[in-house]
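Below: the structure, in structure tokens.
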Amino acid sequence: MQNAIKEGKIVIVAGFQGVNKDGSVTTLGRGGSDLSAVALAGALKADQCEIYSDVDGIYTTDPRIEPNAKKLDMISYDEMLELSSLGAKVLQSRSVELAKKLNVKLYAKSSFSDNVGTLITKESNSMEEVLVSGVVLDKNQARVTLRGVSDRPGIASEIFTMLAEANINVDMIIQNMGTDGSTNLGFTVPHSEHENAKKLMVNFDHDIEGMDFDEHVCKVSVVGVGMKSHSGVAATAFTIMAQNNINIQMISTSEIKVSMVIDEKYGELAIRTLHEAYGLDK
């Protein structure tokens, strides 16, 4: 490829494929073409890797939910990783993760226009000045709540090892402080894994007093590297939920993210009101 490029030739490479640890040819799964492009860009030490799709960049939220969503000129790798893992479907998280590892600048653009896209790159001081970069809705959620779980060493290991062995991907995990020898434990799984998780939990009937399952939930998340240096982001999110009479069932946070599990019917309302509250429509 390098020789062909030096000769001024345009090189076309089939993506979405690679070799496994045994050397056999295999496909790379969903987003494999993006992953191929990033890997090649890193190997060739390209100035940047342009990813073309049916959208012209990364938006503050889904424009189909909030018409006032704004396209971002620039976003950090970590913010894009959070948005991708939380439900944003513009770029697959694996390609962003590899871009960060190889220090490849990603440029998300539209296949159907010459509009300026969004640059995904290393975090800079100017990025931290922006409190929140985006809010995202993930409807692919189901909640499992285990009540009266025996508060003993190893119980969580037994439960989540069983889920892992069944290839069930667990997202949010919340456990209360134990009282009187028992505790409550809740977690979320993808919709497609809900029935499998339910069967496993029903069969795992020892050391658990009761359990609830809810497919009608969603996850609303607020993302921004500005959270590292600014306080009040979580408080604003919780206040907005309270003002709209939306009950928060589960909360999970990281250095640049606040995620809340709520009733599915309030998902789009939550996105619109949070988007406005953080001034992302301006």
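For region 39-65, which residues satisfy the criterion of being in a loop (DSSP other than H, G, I, E, B) and either within 19 Å of the chain's Cα centre (by Cα) or at pLDDT below 90 (or both)? Residues satisfying the conditions are Asp54, Val55, Asp56, Gly57, Ile58, Thr60, Thr61, Asp62, Pro63, Arg64, Ile65. Taking the numbered list (1) assigned to a helix (DSSP H, G or I); (2) among the aliphatic types (A, V, I, L, M); (3) in contact (Cβ under 8 Å) with a residue 24 or more places away in the chain in turn, Leu280 passes all entries but (1). When Arg152, Arg147 are checked against the criterion of being in contact (Cβ under 8 Å) with a residue 40 or more places away in the chain, part of a strand (DSSP E or B) and farther than 27 Å from Ala99 by Cα, a single residue qualifies: Arg147.
Which pairs do you get when a residue that is closer than 22 Å to Ala88 by Cα and touching a residue at least 40 places away in the same chain (Cβ under 8 Å), found in region 34-58, comes within reach of a residue that is charged (D, E, K, R) and crowded, with 21+ Cβ neighbours inside 10 Å, reach meaning Cβ atoms under 7 angstrom, with the pair 6+ apart or on two chains? Hits for this filter: Ile51/Asp34.
Could you say whether any residue in region 109-117 is buried (at least 21 other Cβ atoms within 10 Å of the Cβ) and in contact with a Leu (Cβ under 7 Å, 6 or more places away or on another chain)?
no
Determine if region 106-113 includes at least one residue that is over 28 Å from Ala4 (Cβ atoms) and outside any strand (DSSP E or B). So far as region 106-113 goes, yes, one or more of its residues are over 28 Å from Ala4 (Cβ atoms) and outside any strand (DSSP E or B).
Annotation: Val19 fulfils all but one of (1) free of Cβ contacts under 8 Å to residues at least 12 places away in the same chain; (2) aliphatic (A, V, I, L, M); (3) closer than 23 Å to Val135 by Cβ; the unmet one is (3). Within region 93-103, can one find any residue that is among the β-branched types (Val, Ile, Thr) and part of a helix (DSSP H, G or I)? Looking through region 93-103, at least one residue is among the β-branched types (Val, Ile, Thr) and part of a helix (DSSP H, G or I). Within the bounds of region 73-80, is there any residue that is over 23 Å from Lys282 (Cα atoms), surrounded by fewer than 19 Cβ atoms within 10 Å (Cβ to Cβ) and in the same structural domain as Ala108 (by TED's automatic domain parsing)? No, every residue in region 73-80 fails to be over 23 Å from Lys282 (Cα atoms), surrounded by fewer than 19 Cβ atoms within 10 Å (Cβ to Cβ) and in the same structural domain as Ala108 (by TED's automatic domain parsing). Every residue in region 252-270 that is farther than 17 Å from Gly224 by Cβ and either within 20 Å of the chain's Cα centre (by Cα) or not assigned by TED's automatic domain parsing to the domain that holds Val136 (or both), please. Listed by number, the residues that qualify are Val261, Ile262, Asp263, Glu264, Tyr266, Gly267, Glu268, Leu269.
Conditions tested, residue by residue: (1) out of contact with any Asp or Glu (no Cβ under 9 Å at 6 or more places or on another chain); (2) within 26 Å of Ser252 (Cα to Cα); (3) in a loop (DSSP other than H, G, I, E, B).
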site: Val13; (1), (2), (3): yes, no, yes
site: Gly18; (1), (2), (3): yes, no, no
site: Gly23; (1), (2), (3): yes, no, yes
site: Ala37; (1), (2), (3): no, no, no
site: Met80; (1), (2), (3): yes, yes, no
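Checking the structure you have, find out if any residue of region 237-259 is modelled with pLDDT of 95 or more, loosely packed, with under 14 Cβ neighbours inside 10 Å and charged (D, E, K, R). Among the residues of region 237-259, not one is modelled with pLDDT of 95 or more, loosely packed, with under 14 Cβ neighbours inside 10 Å and charged (D, E, K, R), which makes the answer no.
Being surrounded by 14 or more Cβ atoms within 10 Å (Cβ to Cβ) and in contact with a Gly (Cβ under 7 Å, 6 or more places away or on another chain) is the requirement here; does Asp34 meet it? For Asp34, the condition - surrounded by 14 or more Cβ atoms within 10 Å (Cβ to Cβ) and in contact with a Gly (Cβ under 7 Å, 6 or more places away or on another chain) - is not met.
Looking across region 18-31, the residues that are closer than 19 Å to Ser53 by Cα and exposed (fewer than 13 other Cβ atoms within 10 Å of the Cβ) come down to Gly29, Arg30.
The values are calculated or read from the model by the stated rules, or taken from the named source; none is laboratory data. This is a predicted model, so every value here is computed, not measured. Counting neighbours? That spans all protein chains shown, and the Cβs are built from the backbone with ideal geometry, glycine included.
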